[in-house]
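Single-structure report; data block below.
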Amino acid sequence: TGEKTAMKIGYARVSTHEQNLDLQTDALRAAGAEKIYKDILSGSKTASDRPGFENLLSHVREGDCVVVWRLDRLARSLKDLIEIAADFEARGVQLVMLTEAIDTTTPSGRLILQVMGSIAEFERQLIADRARAGMMAAKERGKHIGAPMKINLKTAAALLKQGVRVTE
C-alpha cells in the first residue's frame, strides 16, 4: 500500500568531540529506536542550529515516536523543550525521555509535560514582570530607558538652529 509504518526514532547529542555518544545510542537502541540522529555540538545551539536534529525533524512523521536519553540532550531550556514538544504534538509525534521516564504516549507523561509547560510560562511571566518593574523604577529615578541617544538634546537644539532638519 506504500503507507509508512510508525517508527521509533532516536536523537543523541554530546557537546564536544571528546565526549562519546555510545551510552546514549546503546540506551536508544535498547528502547527500540530503529534510526538514530546525532549531533556533536553545544546544547546552547537552538534546534535550527543542530543539523542532526533538523534532519530528524524533516524525516519524522505522524505516528512516529522520538526517543531521547535525557531531556537535556533534546532541549537547551525548559522553554525550548515545551516548544519542541508542542511541535511534535501538532505533528502527531510522540516523545519519550528515557532517564526522566516521561512518555507522551501515556496520559501521565502528557500531564507531566503540560505541568512543566505551565511552570515555564509562569516563570517567563515573572521575569517579564520584574523587568517592567525595574524599568519603571529606573525611569522614576531619571534614568534613560532604551537605546542610547545618538546626540544629546543641547547638540540637537544647536543643529536645528543651524537649519538642519529633524530627519537628518
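Say whether the condition of being open to solvent by 30 Å² or more (accessible area, probe 1.4 Å), modelled with pLDDT under 80, hydrophobic (A, V, I, L, M, F, W, C) and under 26 Å from SER15 (Cα atoms) is met by at least one residue in region 67-82. Scanning region 67-82 turns up at least one residue that is open to solvent by 30 Å² or more (accessible area, probe 1.4 Å), modelled with pLDDT under 80, hydrophobic (A, V, I, L, M, F, W, C) and under 26 Å from SER15 (Cα atoms). Scanning region 124-154 for residues that are at pLDDT 85 or above, under 23 Å from the mean Cα position of the chain (by Cα) and open to solvent by 80 Å² or more (accessible area, probe 1.4 Å) yields ILE127, ARG130. If the condition is being in contact (Cβ under 8 Å) with a residue 40 or more places away in the chain and not basic (Lys, Arg), then region 78-99 contributes LEU78, VAL96, LEU98. LEU56: under 16 Å from the mean Cα position of the chain (by Cα), surrounded by 19 or more Cβ atoms within 10 Å (Cβ to Cβ) and at pLDDT 95 or above, yes or no? Yes: the conditions hold for LEU56. Just to be sure I understand, how many residues within region 88-123 are part of a helix (DSSP H, G or I), open to solvent by less than 80 Å² (accessible area, probe 1.4 Å) and touching a helix residue (DSSP H, G or I) at 6+ places or on another chain (Cβ under 8 Å)? Final tally of qualifying residues: 4.
The values are calculated or read from the model by the stated rules, or taken from the named source; none is laboratory data. Just so it is clear, the model here is predicted, and its values are computed rather than measured. Virtual Cβ from ideal backbone geometry, glycine too; neighbours counted across all protein chains shown. Protein only, heavy atoms only, side chains kept; ligands, DNA and RNA dropped before computing areas. Shrake-Rupley method; radii C 1.70, N 1.55, O 1.52, S 1.80 Å.
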